[in-house]
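Take a look at the structure below.
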């Protein structure tokens, strides 16, 4: 699912460039730009499909932000940034003894300020502060036989267990990035950050219509260091 | 215009794929589920030294517990969900799926011969060998509760609530009675029975075991003729030219190792491994050297399941060892100290893989005494 979305976004981005080449700029818009805007797409999974030298299949990258946007002053370098990532996954299995359906919804969003600096003609770097929000919503329904005894006995029914776990966390922290200009409009880069977040988690378990454990809420605290593994393809406009 | 049309088609196709992927599978259980246990328990003890009383009844109960999804918080998964008999009691995915569909942090290790190559029940409550990838436990009874209480794996945050839950299941009363003389369920009894079952999962019926029977330590040769020339070449490459035997003690110590090694998977560690347990920076990036028993069945490989095939594992040693901080000295060039490249030739790679394939125990993966006792009849 993530790959399909990525592919679609890249295709849209590429087609935008191809059409942009043919557009004629009106004379009134020929004044010098005050800001640079960047749209970034995380391309790790796509790159892994194309270049996978060591055959690794493990999900080492934990940076959740699939799409990023930033706008920076061309003169001072200061700017605003935002990022969003969403992942939905649904799996189910049924071996005749246990049936399980999982639905996972993960949302990550961030906004922040940053200062961009030009290192050389091709290289730029930046640093800043982000506010982050993360939401996870898990829903699992499992069904097992309610009457299992040694030997073959008549089948009498199932126990259906419905588990819902939701967690929300907020926080923030410093981040830094570096980008390389492949062309005038396309840049490739990576970023590193340390986000400290606090939040709560609630879990409700219902067995055959009866809630057997009341919602519980626990304070959760996380310090997450994102190493510069995520690769972003940025479009400048 | 043409581009816009293409994008529209692509978007519609994506939407169709999303809708198709969201389609619910049938979650009804339509068959008769029953517990298929023999009237006389299987023999799990063999000729083991100091087998506990009622060992076969306890192992039988351990087998039921091992495969019972009621041991997870929401009855979704069992120990056997991630340690599959057909996969040499490992999992066939890089990271296993927990009770809520979340992925575990590390690859599920094989648990056959978990306490070594000899059946020894003393290891149940006494530390013998480091367990897990990072050696966080060294006694089997301690190991049992770890995945059950893990918030991603089986989700039972309080192990002490499990006896009350299991007491509601009719089949446990007779099983605990025959193992202990009374039907009461305790956490210690649960741990002991699962631990006995785990210890009993022993694999010895491989072609390599037959080869070793004719082995002469003095000459380093075997009189056995079970190996093809290619497998014999693989054996020699493994034990002499590339010194794999130095860490995977398949000949000298029956596959058993207690070592933790950094084999240069990543230059910068993404998982500190043993270092997270000891807090010693010199242990960062080190993981327990896995047993190679049934290695052909236990793919994918490494602590994070990054390599899908044995060929990819050999390619790592051949040309992809990274210069990590704690890289094992045996994987460094003896003169420069840099990460070495073994440059294993293609025919050598084939021979080593042929040799590794002789570690497969087909009897283990079909043995009914280790199989899932919960059966379904449609």
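Right, residue B:368: in contact with a strand residue (DSSP E or B) (Cβ under 8 Å, 6 or more places away or on another chain) and either touching a residue at least 40 places away in the same chain (Cβ under 8 Å) or surrounded by fewer than 21 Cβ atoms within 10 Å (Cβ to Cβ) (or both) or not? Judged against the criteria, residue B:368 is not a match. In the range B:309-321, the residues that are within 9 Å of chain A (Cβ to nearest Cβ) reach residues that are part of a helix (DSSP H, G or I) and crowded, with 18+ Cβ neighbours inside 10 Å with C-beta atoms within less than 7 angstrom, at least six apart or across chains, in these pairs: B:311/B:349; B:311/B:353. Those helices (runs of 4 or more DSSP H) of the range B:261-378 in which at least 1 residues are closer than 24 Å to residue B:86 by Cβ and in contact with a helix residue (DSSP H, G or I) (Cβ under 9 Å, 6 or more places away or on another chain), considering only elements entirely within it, cover B:310-319, B:346-356.
Highlighted here are the helices (runs of 4 or more DSSP H) found entirely within the range B:156-222 that include at least 2 residues which are touching a residue at least 24 places away in the same chain (Cβ under 8 Å) and within 19 Å of residue B:41 (Cα to Cα): B:171-180, B:187-200. Condition check: surrounded by 20 or more Cβ atoms within 10 Å (Cβ to Cβ), at pLDDT 90 or above and in a strand (DSSP E or B). Does residue A:144 satisfy that? So residue A:144 does not fit the description; no.
In the set B:55, B:97, B:64, B:93, only one residue is more than 14 Å from the chain's Cα centre (by Cα) and closer than 24 Å to residue B:362 by Cα; that residue is B:64.
Applying the set (1) at pLDDT below 90; (2) within 14 Å of chain B (Cβ to nearest Cβ) to residue A:47 leaves exactly one unmet item: (2).
Would you say residue B:132 is modelled with pLDDT under 90 and in contact with a strand residue (DSSP E or B) (Cβ under 8 Å, 6 or more places away or on another chain)? When the stated conditions are applied, residue B:132 does not pass them. Condition check for residue B:126 on (1) surrounded by fewer than 18 Cβ atoms within 10 Å (Cβ to Cβ); (2) in contact (Cβ under 8 Å) with a residue 40 or more places away in the chain; (3) not in a helix (DSSP H, G or I): one failure, at (2).
The values are calculated or read from the model by the stated rules, or taken from the named source; none is laboratory data. Bear in mind that the values here come from a model prediction, so they are computed numbers and not experimental data. Here Cβ is always computed from backbone atoms with ideal geometry, including for glycine, and neighbour counts include all displayed protein chains.
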